[in-house]
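**Q** Dropping a structure here in C-alpha cells format, bear with me for questions.
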Amino acid sequence: MFITRFAPSPTGPLHLGHAYSAMLAHDRAQAEGGTFLLRIDDLDHSRCRPEWEAQIFDDLAWLGLDWPRPVLRQSTRLSRYRAALNILWDQGLLYHCSCSRADIRAAASAPQEGAPLLGPDGVIYPGTCRPTAPQNGPMPEGCALRLDMARACARLTNPLIYREKDDVITPRDLPETVGDVVLVRREMGASYHLSVVVDDADQGITHVIRGEDLQEATQIHVLLQHLLGLPTPAYHHHALIRDDAGKRLAKRDDARAIATYRAEGASPQEIRAMVGL
C-alpha cells in the first residue's frame with residue numbers, strides 16, 4: 001500500500017515549489033498504484049482565506065492532479081488534536097509557556113549564554129517556563145503548551161529511527177538540538193508538528209514527500225509518533241525550487257505563482273519542464 005499527500009496552507013498562491021512537491025507526490029503515487037491525498041492546513045485562521053483555498057483546487061486540477069473527495073481540513077479536527085494532547089499531558093510531558101518570541105530571543109541571547117542556538121523552529125527555547133516537576137490537574141486551555149523534550153526522550157525504550165529514501169536515520173540529542181517545541185499555540189488549537197503527525201496517522205499515510213526545509217522537523221514528528229503510539233511513515237525530502245539568486249520561493253513571490261504562469265499562457269507541460277519533471 002502506498003498513500004501520500006500534499007498539504008498546503010491557503011495563505012497565498014501556489015508557486016513553482018508547491019507545484020513540484022505536489023506533482024512529485026502525485027506521480028509517485030500513480031507509479032506505485034497508490035493514492036494521492038490533498039489536505040488543507042487551515043489552522044491559522046488569521047491568514048487562511050477561502051479564495052486561496054479555491055485557487056489551490058483550481059491550480060492543482062489544471063496541473064492534471066486528481067485526489068479523493070472530500071478533502072480533510074485541519075480546522076475541523078481540533079477535538080482530535082486535543083485528544084492527542086491529553087495523552088501527552090497525562091504522561092507529564094507538556095507544560096504551559098507564557099514566553100513571547102521576543103522573550104525567547106532575549107533569554108537565548110543573554111551575554112552569559114552566548115549566541116542563541118537554532119533548531120527546526122528557529123531559536124531553541126531556553127527553558128524559561130519549564131517546571132521542575134510535571135504539571136498536575138487538567139490540561140489548561142487558551143495558552144501555549146510546550147513538549148518537555150528531555151522528559152519525552154527519557155520515556156523512549158528504543159532508539160528513534162526512520163527511513164529517509166534509502167537511508168535509516170537515527171535522531172539524537174533532541175533536548176540540545178531541538179529543545180522544547182510548541183505543540184499548542186495561543187492562537188491555534190495545535191501546532192504544525194502535532195497536527196501533521198495526527199493527520200498522517202489518521203489518513204494512513206505511508207510515505208511523506210515534502211521539501212528538504214522540513215527535514216529537521218521530521219525528528220520531532222518521529223518522536224511524537226512514538227509517544228502517541230502511531231506508525232512512522234517513510235520520508236522523502238526533496239530539493240527546493242529556488243529563484244535566480246538561490247533563495248527558496250515564497251508565497252509572496254507572485255511572479256512565480258502558478259496562477260501567473262497560467263495567465264501568461266503557460267501549459268501544465270511547461271510547468272513540469274520548469275521544475276525538472
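**Q** Whole-Hz ³J(HN,Hα) for each residue in segment 217-233, computed from phi via Karplus 6.51 cos²θ - 1.76 cosθ + 1.60 with θ = phi - 60°, x for glycine and proline: what do you get?
**A** 6, 4, 5, 5, 5, 5, 4, 4, 4, 5, 5, 9, x, 10, x, 9, x
**Q** Based solely on C-alpha atoms, express the radius of gyration and the Dmax of the chain in angstrom.
**A** 19.6, 61
**Q** Right, something else. So what is Rg over Rh here for segment 175-216, counting just Cα atoms and using Kirkwood for Rh?
**A** Rg divided by Rh gives 1.01.
**Q** Sticking with this one: Whenever you get a sec, compute what percent of the accessible area on the chain sits on carbon and sulfur atoms (1.4 Å probe).
**A** 49 percent
**Q** State the answer as a single residue: which of SER75, GLN203, PRO171 lies farthest towards the positive end of the charge dipole of the chain, with beta carbon charges of +1 for Lys and Arg and -1 for Asp and Glu, about the Cα centre.
**A** Result: SER75.
**Q** Mind ranking 211-220, 152-161 by how tightly packed they are, going by the mean number of other C-beta atoms within 10 angstrom, highest first?
**A** 211-220, 152-161
**Q** Among 21-32, 180-191, 57-68, what's the highest-first ranking by average C-beta atoms within 10 angstrom per residue?
**A** The packing order, highest mean first, is 180-191, 21-32, 57-68.
**Q** Could you work out how far helix 78-90 tilts from the main Cα principal axis of the chain, as a 0 to 90 degree angle to the nearest 10?
**A** Roughly 30 degrees between the two axes.
**Q** Could you please state, rounded to a whole Å, how far the C-alpha centre of segment 188-228 is from the C-alpha centre of segment 29-76?
**A** Comparing the Cα centres of segment 188-228 and segment 29-76, I get a distance of 17 Å.
**Q** If you consider only alpha-carbon coordinates, what radius of gyration and Dmax does segment 129-277 have, in Å?
**A** 19.2, 61
**Q** Counting Lys and Arg as +1 and Asp and Glu as -1, each charge on the Cβ, what is the dipole of the chain about the Cα centre in debye, to the nearest 20?
**A** 420 debye
**Q** So, one more: Using helices alone, I'd like the mean residue ellipticity at 222 nm for the chain: each DSSP H run of four-plus residues gives -39500 (n - 2.57), total over residue count, nearest 500.
**A** Dividing the helical sum by the residues of the chain leaves -10000 deg cm²/dmol.
**Q** Mind checking the per residue accessible area of segment 91-208 for me, 1.4 Å probe, whole number of Å²?
**A** Working: 6070 Å² over 118 residues.
Per residue, segment 91-208 has an accessible area of 51 Å².
**Q** Mind pulling the angle between the C-alpha long axis of helix 16-31 and the longest principal axis of the chain? Nearest 10 degrees, somewhere in 0 to 90.
**A** 80 degrees
**Q** Now, a different point. Per residue and in Å³, how big is the convex hull formed by the alpha-carbon atoms of segment 30-155?
**A** About 197 Å³ per residue, rounded to a whole number.
**Q** Right, here's the next one. Grab the eigenvalues of the alpha-carbon gyration tensor for segment 1-70, scale each by 5, take roots, and send me the semi-axes largest first in whole angstrom.
**A** Values: eigenvalues 96, 30, 20 Å².
Equivalent ellipsoid semi-axes, largest first: 22, 12, 10 Å.
**Q** Taking amide hydrogens as modeled 1.01 Å from N in the peptide plane, which residues meet the under 5 Å criterion relative to LEU37, leaving out close sequence neighbours?
**A** HN-HN under 5 Å from LEU37: THR4, ARG5, PHE6.
The values are calculated or read from the model by the stated rules, or taken from the named source; none is laboratory data. Not measured: the values here are computed from a predicted model. Note: ideal-geometry Cβ built from the backbone for every residue, glycine included; neighbour counts use all protein chains shown. Remember, those area values only see protein heavy atoms, side chains included, never the ligands or the DNA or RNA. Shrake-Rupley method; radii C 1.70, N 1.55, O 1.52, S 1.80 Å.
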